[in-house]
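Engineer: So that we are looking at the same thing, I have put the structure below in structure tokens.
None of the figures in this text is laboratory data; all of them are computed from the coordinates on show. Keep in mind it's a predicted model, so treat the numbers as computed, not measured. Note that we place each Cβ from the backbone using ideal geometry, even for glycine, and neighbour counts take in every protein chain shown.
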Amino acid sequence: MAPLFVATLLAATLGGQVIETVDPDTRLRAGPGEEYDRVCVLPAGVPLWATDKQDQWYHVALGATLDAWVYQGTVRATGLTTRPANARLTDVTAGPTASGTRVAFTLTRPVPFRILPQLYPPALIVDLFDSASGTYWVRQKAQDRVCRGLALWMESSGWVRGRIDLAMPAIVGYMASYANGKTLALDIRRGFDAPGLSGKTICLDPGHGGRDRGAAGPNGLQEKAVNLAIAVKAAELLRAAGARVVLTRSTDTQVGPPGCKESEELEARVQVAIKANADLFVSIHNNHAGGGADSSVAGTEAYWWAPFCQPLAKALLGGVSAALGLSARHIACRPFHVLRSTDCPRALVECGYLSNPAEAEYMSRPEFAERAAEGVVAGMRRYIDWAAGVGPPP
Ligand SMILES: [Zn+2]
């Protein structure tokens, strides 16, 4: 007998229970704590089978072969103690929308799911847990220009996996949600119709602002002011190239409502891009070597979170470090709040280090913002050209 099956059986004897997500952003994690990575992020209203509990974390089974943990404050107990039967997948349809394609998975009830983007070649893997294949149709409407192929299979007991191969050079965004309670709708953004910046909607996010000054240099220079100067200059350059630009802030202010929590402030910045239906989101920052503050640390860094955003981070790292003449340190995966949404490619660039006296001095000169802005725009152009299928990979 498989060890996990034995564990599930044991837990059932000890008393498993059905819990349901209540937080619209419920994170299932690989272990019982915030320090563990996300297995998937679920909306409210999804039932989960909890086999046991450790401190404030429920241990949940996903199908028969995977498990995860969820914080008690994001779910509610339903009082049910029998594991619900697997949902049946009865229909899969792909059809065009205004901004791309919607792939709709019709289920007999909502189930935990995850979307895994694959970069080369571009594809989206869709995992439906606590599910079994019914006698389903896979229909692809003739006008659909986004999906190249759509295949489904049983990965293991209680786990249906789908693979959507995309008819474009790169993934440029997707969002999953439950429409009418039990149809999982995956909205996939259509790729860029043309290379270049013209006609694109770009969201620029100058980091910090208002009460939050960000990092500060030994010369007293504040990060929020440097970030804003770069973003304002980049907006000018982008508009001159024919792009539509949306700034999360254009003055020294916060973006969220007065007195809001930090997470609400950051979510307000995420929403600016979503409301504008932006093609690209770039957050502009400058760095500080934390703690012991090693003042020799220097150079440009860029960050991504959703795996399909790596090429954008790489393009920004190259563009900004070259324009400023600074060393390109690294790109890295970080769960920064402004990067978590998968609506469009999102990246964060740390142009230089305020804790480095030479770089802080450079930042105090007007040419720093001009060059950094040129670098941001060059990085975006390079990314878009590649994602449109005409340029080399960043
Ligand atoms: Zn910052």
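Engineer: If you count, for each residue, the other Cβ atoms within 10 Å and average over each peptide, how do 124-132, 90-98 line up from highest to lowest? Walk me through the intermediate numbers first.
Structural biologist: On the way: 124-132: 22.3, 90-98: 15.7.
The most tightly packed comes first, giving 124-132, 90-98.
Engineer: Separate question: So if R0 is 25 Å, what FRET efficiency would Gln143 and Ala185 give, r being the distance between their Cβ atoms, rounded to the nearest 0.05? Let's see the in-between values first.
Structural biologist: Numbers: r = 17 Å, r/R0 = 0.70.
Given R0 = 25 Å and the Cβ-Cβ separation, E is 0.90.
Engineer: Determine, for His59, His330, His337, the number of other Cβ atoms within 10 Å of each Cβ, and report the residues in order from fewest to most. Don't jump to the answer; show the numbers that get you there.
Structural biologist: Values: His59 19, His330 11, His337 16.
Starting with the residue having the fewest Cβ neighbours, the order is His330, His337, His59.
Engineer: Please give, to one decimal in nm, the separation of the simple spin-label points placed at Asp294 and Ala216, each 7 Å out from Cα toward the Cβ.
Structural biologist: Between Asp294 and Ala216, the label points sit 2.5 nm apart.
Engineer: Also, I was wondering about something else. All other residues with a Cβ under 14 Å from the Cβ of Gln310 taken together, and with Lys, Arg as +1 and Asp, Glu as -1, what is their net charge? List each step's numbers first, then the result.
Structural biologist: On the way: positive: Lys314, Arg334, Arg346, Arg382; negative: Glu301.
My count for the surroundings of Gln310 gives +3.
Engineer: Treat each spin label as a single point 7 Å out from the Cα along the C-beta direction, and report the Arg38 to Gln271 distance in nm.
Structural biologist: 1.8
Engineer: Continuing with this model, one more query. Run through the stretch 61-124 and list the trypsin sites (Lys or Arg not before Pro) located in a DSSP loop whose Cβ has at most 11 other Cβ atoms within 10 Å. Walk me through the numbers before you get to the answer.
Structural biologist: Numbers: sites: Arg76, Arg88, Arg102, Arg114; in loops: none.
Nothing satisfies the criteria.
Engineer: Need the full-extension length gain, Ala151 to His337, defined as separation in residues times 0.36 nm minus the C-alpha distance. One decimal, nm. Numbers along the way, then the final one.
Structural biologist: Details: separation 186, 0.36 × 186 = 66.96 nm, distance 3.25 nm.
Gain on stretching Ala151 to His337: 63.7 nm.
Engineer: In addition: Give the residue from Ile230, Ser263, Pro307 lying farthest towards the positive end of the charge dipole for the stretch 208-323; charges sit on Cβ (+1 for Lys and Arg, -1 for Asp and Glu) and the dipole is referred to the Cα centre.
Structural biologist: Value computed over the given set: Ile230.
Engineer: If I fit a long axis through the Cα atoms of helix 262-275 and take the longest principal axis of the Cα atoms of the chain, what angle between them do I get, 0 to 90°, rounded to 10?
Structural biologist: Here the helix axis deviates by roughly 90 degrees.
Engineer: Another question, then. How many nm separate the modelled label positions at Ala240 and Ile125, each set 7 Å beyond the Cα in the direction of the Cβ?
Structural biologist: Distance between label points: 4.5 nm.
Engineer: Counting other C-beta atoms within 10 Å, which of Ile171, Ile115 has the fewest, and how do the rest follow? Please list the in-between numbers first.
Structural biologist: Details: Ile171 24, Ile115 20.
Fewest-to-most Cβ neighbours within 10 Å comes out as Ile115, Ile171.
Engineer: Given the rule -39500 (n - 2.57) for each run of at least 4 DSSP H residues, summed and divided by the residues of the chain, what is its mean residue ellipticity at 222 nm, to the nearest 500 deg cm²/dmol? Intermediate results must be reported in sequence, preceding the final value.
Structural biologist: Details: 6 runs with 88 residues, N = 394.
The helix contribution divided over the chain gives -7500 deg cm²/dmol.
Engineer: Of the listed pairs Lys53/Lys261; Lys224/Lys261; Lys224/Lys314; Lys200/Lys233; Lys141/Lys314; Lys200/Lys275, which have alpha-carbon separations greater than 26 Å here?
Structural biologist: On the way: Lys53/Lys261 30 Å; Lys224/Lys261 18 Å; Lys224/Lys314 23 Å; Lys200/Lys233 17 Å; Lys141/Lys314 35 Å; Lys200/Lys275 15 Å.
With Cα atoms farther than 26 Å apart: Lys53/Lys261; Lys141/Lys314.
Engineer: What do you get for the angle between helix 223-240 and the principal long axis of the chain? Use alpha-carbon atoms, 0 to 90 degrees, nearest ten.
Structural biologist: Between helix and principal axis, roughly 90 degrees.
Engineer: Here's another thing I want to ask about it. To the nearest 10 degrees, how steeply does helix 366-387 sit against the main Cα axis of the chain, on a 0 to 90 scale?
Structural biologist: It is inclined by approximately 40 degrees.
Engineer: Can you tally the net charge around Leu42? Count Lys and Arg as +1, Asp and Glu as -1, for every other residue whose Cβ sits under 13 Å from the Cβ of Leu42.
Structural biologist: Net charge in that neighbourhood comes out at -1.
Engineer: Longest span of the chain, sites excluded, free of GluC sites (Glu not before Pro) in DSSP loop with at most 14 other C-beta atoms within 10 Å? Could you put the intermediate results ahead of the total?
Structural biologist: Details: sites that count: Glu34, Glu35.
With GluC sites (Glu not before Pro) excluded where exposed in loops, the chain gives 36-394 as its longest stretch.
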